[in-house]
1. Quick test of your reading of the structure: B:Tyr388 fulfils all but one of (1) farther than 30 Å from B:Ser207 by Cα; (2) more than 14 Å from chain A (Cβ to nearest Cβ). Name the failing condition by number.
2. Within the bounds of segment A:211-218, is there any residue that is buried (at least 21 other Cβ atoms within 10 Å of the Cβ) and in a loop (DSSP other than H, G, I, E, B)?
3. Filter segment B:161-180 for residues that are in a helix (DSSP H, G or I), modelled with pLDDT under 95 and either surrounded by fewer than 23 Cβ atoms within 10 Å (Cβ to Cβ) or of a type in the set (A, V, I, L, M) (or both) and give the result.
4. So is B:Gly366 over 29 Å from B:Gly261 (Cα atoms), of a type in the set (Gly, Ala, Ser) and not in a strand (DSSP E or B) or not?
5. Show me the strands (runs of 3 or more DSSP E) found entirely inside segment A:47-115 where at least 1 residues are among the hydrophobic types (A, V, I, L, M, F, W, C), facing chain B (nearest Cβ under 10 Å) and touching a residue at least 60 places away in the same chain (Cβ under 8 Å).
6. I need a count of the residues in segment A:9-56 that are in contact with a helix residue (DSSP H, G or I) (Cβ under 8 Å, 6 or more places away or on another chain), under 24 Å from B:Gly438 (Cβ atoms) and among the small types (Gly, Ala, Ser).
7. With the checklist (1) within 21 Å of A:Ala180 (Cα to Cα); (2) surrounded by fewer than 21 Cβ atoms within 10 Å (Cβ to Cβ); (3) within 14 Å of chain B (Cβ to nearest Cβ) in hand, flag the one item A:Ile156 doesn't pass.
8. Scan segment B:276-287 and give yes if some residue there is surrounded by fewer than 24 Cβ atoms within 10 Å (Cβ to Cβ) and closer than 30 Å to B:Ala415 by Cα, otherwise no.
Amino acid sequence: MLSIKNLHASIDGKEILRGIDLEVKAGEVHAIMGPNASGKTTLAQLLAGRAIYTVTAGIVQYLGRDLLSMTPEQRACEGVFLAFQYPVEIPGISNALFLKTALNAVRKYHLLPELDAMDFLSLVRERMKRVGMDDAMLLRAVNEGFSGGEKKRNEILQLSVLQPRLAILDETDSGLDIDALKLIADGINDMRDPARAIILVTHYQRLLDYVVPDFVHVLSQGRIVKSGGADLAKNLERHGYSWVDTDAIASLATQANQATQAPQAH
Amino acid sequence: MTTTKQLDELINREYQHGFYTQLEADTIPLGLSESTVSLISAKKNEPAFMLDWRLKAYQHWLTLSEPTWPNLHYPPIDYQHAYYYSAPKSEKTGPRDLSEIDPELLRTYEKLGIPLKEQQILAGVAVDAVFDSVSVATTFKQKLSTLGIIFCPFSEAVQKHPELVQQYLGSVVPYTDNFFASLNAAVFSDGSFCYIPPGVRCPMELSTYFRINAKNTGQFERTLIIADKDSYVSYLEGCTAPMRDENQLHAAVVELIALEGARIKYATVQNWYPGDKNGKGGIYNFVTKRGDCRGDRSHISWTQVETGSAITWKYPSVILRGNSSVGEFYSVALTNHYQQADTGTKMIHIGRDTKSTVLSKGISAGHGQNTYRGLIKVLSGAENARNYTQCDSLLLGSKCGAHTFPYIEVKNHSAKVEHEASTSRIGEDQLFYCTQRGIPPEDAVSMIVSGFCKAVFQELPMEFAVEAQKLLGVSLEGGTG
């Protein structure tokens, strides 16, 4: 579904991503972990089309198409969804209006009839029950005055209403207490589907206790330095990121040594 | 950045009311003199007191010079290079009903979406339409008159109710008030007149639609609304003008009088031609609007949505004379391309326990400059006066400007005056959030802006709120850069 090759990207001339390679297939759940400033959010937002990053090299294919040439709204309509680490407030616009506008924009793109207010409300109410949200949240302005947990749950609600093919969740677990975390995890597990891929971007392993990934990748200084199964996350939790870093640096150093030493041996 | 480029394209849409109606017009010679004033008065067959008042106004105007204090920049206006009277010729004798009106004119109104036909009854809107300088059709007059409500063109009121006109004309905005108000008093050609008798609640929204059609014509209309004791009226005013390369002058005066216990709600959606995207053409809109809460417990509210005009100079104000009277001002002003707006309000607290609320939302896009200028004045006798002012500015792009000039003069210690102001920019993050959900950028901008204006739109009557929202979408073309 998603194929990233040698992706380099920078912001304000500063290189953040330094050669990412990643293959994600339908039905898979990938976790991307890494310390602060490793490039996790950059990767997530870049895939969703944020214009503040400049791609300097590499290609990204999504369902066989060049993802990087698509506008953010095209990507969204084609099924790429980003749950934001810091969901944005839109004063004066109700959650209901925002979601209905978004859903109908996507439907229109696929030449489907737009949902009227009644159909939309019955759909969104059913989804709200699933993520444990109160009806009153529909009338509140988008994310305005929401608690951290409410904002994150609102992202999961949008995910559940829009039903994307590729869901990228950027630190959706951060700042949540254990009950809220379980609710969010249930919401994400609910979205697991053979036709859908999910990328979880997270700093901590604890979300992965509830949403067990098929693959775990560790991002450090703009590169994926280690990939493995769900147990990789557990090792990280035990040893900390420095374990991967030293490990990764050691392996990079070895590669470099081999590269420089090889001609001498000849 | 791609989002910026898309926004630019979106903001560069065309003015949608820029058509010109071919009609034969009765126009008096170019320029302004005492004989112009007399000629206008004669054309209107006015009684002597009107001509006298106009001539005094003209003489006074000659002693004034154009104000230079507004934060507005435009080349000098040649007042001798304008026509001060233009009337569609076929309307000279005045229509008796809609069937007598030039069908071409009716089609113009249809394009503007003004409900002039029988469906109006369903819509509950009575329209007094002013086309250039004379009022062409007043609907629902019969229904209103059974309640004793007078709602008619100003010129008709002068003929039929001269005592009311003479008593109230200029009592809120005297002809000496300011340069543009003096000019208006001398040459105004028509407008709307409304009188609500004591205890009557006007059962429908009253509405006037203004449109400047003829070339080089200044439009000087004058509206006078009197709400007698314990009465209520809600009044809507909408404005459009065809596209022209030259700047056209519009200097209107609106006077509102609320007697004891009366309430007047006055709403404007102003969409005069704003000029093209390079700042060429457009209406110069110099308007004096003032309400007088003359009686105790009276209440006047102004709501305005200003999206048009090259230049807007307008401060709808309330004189809170009666004890416990209430004044309100709700405003959305949008400037795009090279539009400039210097707008705000004056709340003059004279009576005891008077209250005023000011809520101003300014949106600047393109090279637009948006100034809020407001005066809160509490006189020494105004015990327990209260004012709350909130002024918010929203910027789209980096070439536009927002300015706030709040003036506060308080001469009574028991007064409480609060002022809050904020300036924000439509964030790239807000836009990205919306587009990432599949919403096209132009819709996203409209949505964010309408959210910003929501508190003001809530004050508009339903059908106007919908129109205002659409207008904002259209007017926002070209905002970031």
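1. (1)
2. Looking for residues that are buried (at least 21 other Cβ atoms within 10 Å of the Cβ) and in a loop (DSSP other than H, G, I, E, B), one finds at least one in segment A:211-218, hence yes.
3. First, the residues of segment B:161-180 that are in a helix (DSSP H, G or I): B:162-168, B:179-180.
Going one step further and asking which of them are modelled with pLDDT under 95, we end up with B:179-180.
The answer is B:Phe179, and nothing else.
4. Values: over 29 Å from B:Gly261 (Cα atoms): yes; of a type in the set (Gly, Ala, Ser): yes; not in a strand (DSSP E or B): yes.
Answer is yes for this residue.
5. On the way: elements: A:54-62, A:80-83, A:90-94.
Strands (runs of 3 or more DSSP E) meeting the threshold: A:80-83.
6. The qualifying residues number 4.
7. If we test A:Ile156 against (1) within 21 Å of A:Ala180 (Cα to Cα); (2) surrounded by fewer than 21 Cβ atoms within 10 Å (Cβ to Cβ); (3) within 14 Å of chain B (Cβ to nearest Cβ), just (2) comes out false.
8. If we filter segment B:276-287 for residues that are surrounded by fewer than 24 Cβ atoms within 10 Å (Cβ to Cβ), which is where we start, we get B:276-281, B:284.
If we keep only those that are closer than 30 Å to B:Ala415 by Cα as well, we get none.
No, that holds for no residue.
The values are calculated or read from the model by the stated rules, or taken from the named source; none is laboratory data. Treat the numbers as computed from the prediction; the structure is a model and nothing was measured. Counting neighbours? That spans all protein chains shown, and the Cβs are built from the backbone with ideal geometry, glycine included.
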